[in-house]
1. In segment 74-107, which residue that is touching a helix residue (DSSP H, G or I) at 6+ places or on another chain (Cβ under 7 Å) and assigned to a loop (DSSP other than H, G, I, E, B) is farthest from residue 64 (Cα to Cα)?
2. Quick one: which residue in 103, 109 is in the same structural domain as residue 62 (by TED's automatic domain parsing) and at positive phi?
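The values are calculated or read from the model by the stated rules, or taken from the named source; none is laboratory data. Just so you know, these numbers come straight off a predicted model, no measurement behind them. Every residue, glycine as well, gets a Cβ built from its backbone with ideal geometry; the counts of neighbours run over all protein chains shown.
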């Protein structure tokens, strides 16, 4: 990892910075005092400067994706996420599915927030 020092902590971030590293995949992380996680008896926080969302794949879509979930970093909207999913799993364009954001089905291009949970659901029948 190479060293990285931002000019100021992000809003709501840590009070005191110790180390900044950029891992090989390019997502800067900061480790500092005052976070919520504990390590070695000290409070240590890890902050990602890029937002992360979790995508759940249901039914046949989990078979297409080869997994039941995948985390995406740096997506801003539902449309942005759709493009990233199609890049990762091109076969998914041949399937119909609905998208839910935090347990609410949406047809809109919502702006995503850090920690949002997105579900891709194929058509289903009830009885």
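1. In this case the residue turns out to be 75.
2. Details: 109 fails: at positive phi.
From the options 103, 109, the qualifying one is 103.
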